[in-house]
Amino acid sequence: MATGSGGKGRGPVPGSRAGKGTSGRGQRDLRVRVKTAKGRKLSSTLWLERQLNDPYVARAKREGYRGRAAYKILELDDKYGFLKPGARVVDLGCAPGGWCQVAAGRVNALGEARGKPQGRVLGVDLQAVDPIAGAEIHQLDFLSDGADEQVKAWLGGRADVVMSDMAAASSGHKGTDHLRIVALVEAAADFAFDVLEPGGTFVAKVLAGGAEQGLQAILKQNFATVANVKPPASRSDSSEKFVVAMGFRGGREAIAQEPAVNASDESA
């Protein structure tokens, strides 16, 4: 199973090589169309068609990743370089495991890169996750009482990277979903302040507008650089972005809703 450790620990660039499923006429992709089956909703048909025609989905199957989301963290790390050999990484909301796969390869969690320090990857999710080579996986509701202390106990020390791809189940109400996502990001950030080594990195999924103003202000107080980024692997019709906060200053500030200037907003 691929762990994202090819070459110098970096995955291949999307679209760098024409793959299978092309017509051969100017390398134009052949689009798969799905007929609506009896009993299947139109929304399900459209989702299936999108999956079948998504180059990242096809690439994930080819390269052994558990989902297309692996390429989001690959692209963010290609840009910012926070997954270094020897790094200790905590992945919150790690199911189905693609981010852990990438991290395990890049921090040399299996010790396969001789002469380089060996890192560690700790993954946590509400759902059960199949074992991942080089990663320690735990099933836990991170928002439950005492969950952060339990993760700290498993970690047994400090982390160099805390990353969160946690997502709340959709309620169908935009305002409610927004508040749930904000709560998850704030919980992850609060945990990061407790466990990160000075100089560490916090990466988390946020909404299209980036981190909330209050959280943005706290991140800018505690990290040298903060950016809101939409990597190429993030679908264009998705409202998600990722906040990448680097250079943890080693302080500890509580999350507070305070006005702040938005951090840089860019594409990876």
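The values are calculated or read from the model by the stated rules, or taken from the named source; none is laboratory data. Model, not experiment: these values are computed from the prediction. Glycine gets a Cβ as well: all are built from the backbone with ideal geometry, and neighbour counts include every protein chain shown. Remember, those area values only see protein heavy atoms, side chains included, never the ligands or the DNA or RNA. Shrake-Rupley method; radii C 1.70, N 1.55, O 1.52, S 1.80 Å.
Side notes on the structure shown:
- Modelled FRET efficiency - R0 25 Å, Tyr80 with Gln221, Cβ distances, 0.05 increments: 0.80
- Rounded FRET efficiency, nearest 0.05, which uses the C-beta distance separating Gln127 from Ser171 and R0 of 25 Å: 0.85
- Computed from backbone phi with θ = phi - 60° and the Karplus coefficients 6.51, -1.76 and 1.60, the 3J(HN,Hα) list for region 134-146 is x, 10, 9, 10, 10, 9, 6, 7, 5, 8, 6, 4, x Hz; x is used for glycine and proline.
- Rounded to the nearest 10 square angstrom, Lys84 shows an accessible area of 110 square angstrom against a 1.4 Å probe.
- In plain terms, the chain from Val57 to Ala147 could stretch by 29.2 nm, reckoned as 0.36 nm per residue minus the Cα-Cα distance.
- Amide H contacts of Val206 (H built 1.01 Å from N, under 5 Å, at least 5 apart or other chain): Lys241, Phe242, Val243
- Accessible area in the full protein assembly, largest first, 1.4 Å probe, for His173, His138: His173, His138
- Measuring r between the beta carbons of Asp190 and Ala113 and using R0 = 35 Å, the FRET efficiency lands at 0.60.
- Two-site label geometry, Glu136 and Ser236: point separation in nm, points 7 Å out along Cα→Cβ: 4.3 nm
- Å² of accessible area per residue within region 84-189, as computed with a 1.4 Å probe and no ligands counted: 47 Å²
- Of the whole protein surface, Arg235 contributes about 50 Å² of accessible area at a 1.4 Å probe radius.
- All other residues whose Cβ lies under 12 angstrom from that of Cys94 are scored, Lys and Arg at +1 and Asp and Glu at -1, for a net of -4.
- Under Karplus coefficients 6.51, -1.76 and 1.60, residue-wise ³J(HN,Hα) of region 238-244 in Hz, glycine/proline x: 8, 8, 7, 9, 10, 8, 10
- Distant-in-sequence amide H partners of Phe223 (H built 1.01 Å from N, under 5 Å): Arg249
- Within region 113-160, all pairs of alpha-carbon atoms sorted by distance into 10 Å bins from zero give the percentages 23, 48, 23, 6, 0.
- Accessible-area ranking of Thr176, Thr201, Thr225, largest first, probe 1.4 Å: Thr225, Thr176, Thr201
- Prolate/oblate/rounded call for region 72-170, Cα gyration tensor, a/c under 1.5 rounded: prolate
- In order through region 193-199: 3J(HN,Hα) via Karplus (6.51 cos²θ - 1.76 cosθ + 1.60), integer Hz, x for Gly, Pro: 4, 7, 10, 6, 6, x, x
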